[in-house]
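Student: What follows is a structure written as structure tokens; I'll ask about it next.
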There are 2 protein chains.
Amino acid sequence: MSNTTELVVKMNLDSWNSHLKRTDDIINSLTDEQLAGQVSPGRNRGTYLLGHLTAVNDRLLPLMGFGEQVHPELNDTYLANPDDTSKTSHSIAELRSHWKEVNDRLEQHINSLSTDEWLQRHTSVSEEDFAKEPHRNRLNVLISRTGHMAGHLGQLLFLKR
Amino acid sequence: MSNTTELVVKMNLDSWNSHLKRTDDIINSLTDEQLAGQVSPGRNRGTYLLGHLTAVNDRLLPLMGFGEQVHPELNDTYLANPDDTSKTSHSIAELRSHWKEVNDRLEQHINSLSTDEWLQRHTSVSEEDFAKEPHRNRLNVLISRTGHMAGHLGQLLFLKR
């Protein structure tokens, strides 16, 4: 693996880490009351986005081959379904704690992977397809999730008054 | 430049192009009336974000060493200052046209650069500093602007009713 590849992988990891930190900072700076509000009238509640981002990050564990999901019970409410304001599925304290737990787990793996390992296939692509489509690697998943998180970060900022 | 570096650069270009396309699609799908509204109560108008993203992309031209800004007259209203709802500085037709013009210009350069050129320094870093900090290259600027655009894209979506 060339030094240049290592540099570019590092740039992408920095982008992920910086978006994760900014998202974490805004979540930690919001009161429970702010987080329970909708980011814009008729749009997702902050709590939904918190559960959603937690579930997305949690699913990176199996997708990257790091292990099992820690909180698969979030998938139904925060991934498979849109925000339903008629119910509160998890307490805010619980959501905050899961967010931290999942990110801590993920961080350990993300920051210990070699450049070579970043360019290996993720678990939802077969070896055969990967041979033809080498961009379907772990790093590309992280790039995609960085953009996804950035979009929701832009929305969470509206909860700050 | 190794094949692997080329692959990773390509992954980042794909991410930029896909966010740009999604942003362009949402802008084109919004009526002028929708675009003139605030993305959330008390937040930026769609027109401000359109001018803002145009100015940010326009500034990539000199920053990447591709040439002069096409519409430097946007900088004051859409970069240096926050949205001022008491005035309308540019017509929506003008903003839409500038957005297209800037992106067309940028696209020509972006899609013709070699992998090697992506890893060269951007124009706001000196040769001396770049020797010590090789991550201050064109590609890193593009990665950063992709995240910035993704955040505003997440906000523009709220204008869709």
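Student: Can you give me the number of residues within segment B:52-64 that are open to solvent by less than 10 Å² (accessible area, probe 1.4 Å), part of a helix (DSSP H, G or I) and away from chain A (no Cβ under 14 Å)?
Tutor: The total comes to 6.
Here is a yes/no grid of residues against (1) open to solvent by 10 Å² or more (accessible area, probe 1.4 Å); (2) over 18 Å from residue A:151 (Cα atoms); (3) assigned to a helix (DSSP H, G or I); (4) without any contact (Cβ under 8 Å) to a residue 60 or more places away in the chain:
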residue	(1), (2), (3), (4)
B:6	yes, yes, yes, no
B:9	no, yes, yes, no
B:18	yes, no, yes, yes
B:25	yes, no, yes, yes
B:33	yes, yes, yes, yes
B:42	yes, yes, no, yes
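Student: Another question about this same structure. Tell me yes or no: at least one residue of segment B:68-80 is closer than 30 Å to residue A:49 by Cβ and in a loop (DSSP other than H, G, I, E, B).
Tutor: no
Student: A further question follows. Looking only at helices (runs of 4 or more DSSP H) that fall completely inside segment A:100-161, which ones have 1 or more residues that are charged (D, E, K, R) and away from every other protein chain (no Cβ under 13 Å)?
Tutor: Answer list for segment A:100-161: A:127-132.
Student: What are the residues in segment B:101-151 that are of a type in the set (Lys, Arg), in contact (Cβ under 8 Å) with a residue 40 or more places away in the chain and open to solvent by 50 Å² or more (accessible area, probe 1.4 Å), if any?
Tutor: B:105, B:145
Student: Filter segment B:1-26 for residues that are under 30 Å from residue B:87 (Cβ atoms) and not aliphatic (A, V, I, L, M); which is nearest to the other protein chains (Cβ to nearest Cβ)?
Tutor: B:19
Student: Now, a different point. Residues in segment B:57-72: is at least one in contact (Cβ under 8 Å) with a residue 24 or more places away in the chain and touching a Pro at 6+ places or on another chain (Cβ under 9 Å)?
Tutor: yes
Student: OK, next. Taking residue B:29, is it more than 14 Å from chain A (Cβ to nearest Cβ), among the small types (Gly, Ala, Ser) and either within 16 Å of the chain's Cα centre (by Cα) or surrounded by fewer than 17 Cβ atoms within 10 Å (Cβ to Cβ) (or both)?
Tutor: Judged against the criteria, residue B:29 is a match.
Student: Okay, next question. Condition test on residue B:49, is it closer than 20 Å to residue B:19 by Cβ, at pLDDT 95 or above and crowded, with 19+ Cβ neighbours inside 10 Å?
Tutor: Taking the combined requirement at face value, the residue satisfies it.
The values are calculated or read from the model by the stated rules, or taken from the named source; none is laboratory data. Remember, predicted model here, so these are calculated numbers, not experimental data. Cβ coordinates were reconstructed from backbone atoms using ideal geometry, including for glycine residues, and neighbour counts include every protein chain displayed. Areas reflect the complete protein model, heavy atoms only, side chains present, ligands, DNA and RNA absent. Shrake-Rupley method; radii C 1.70, N 1.55, O 1.52, S 1.80 Å.
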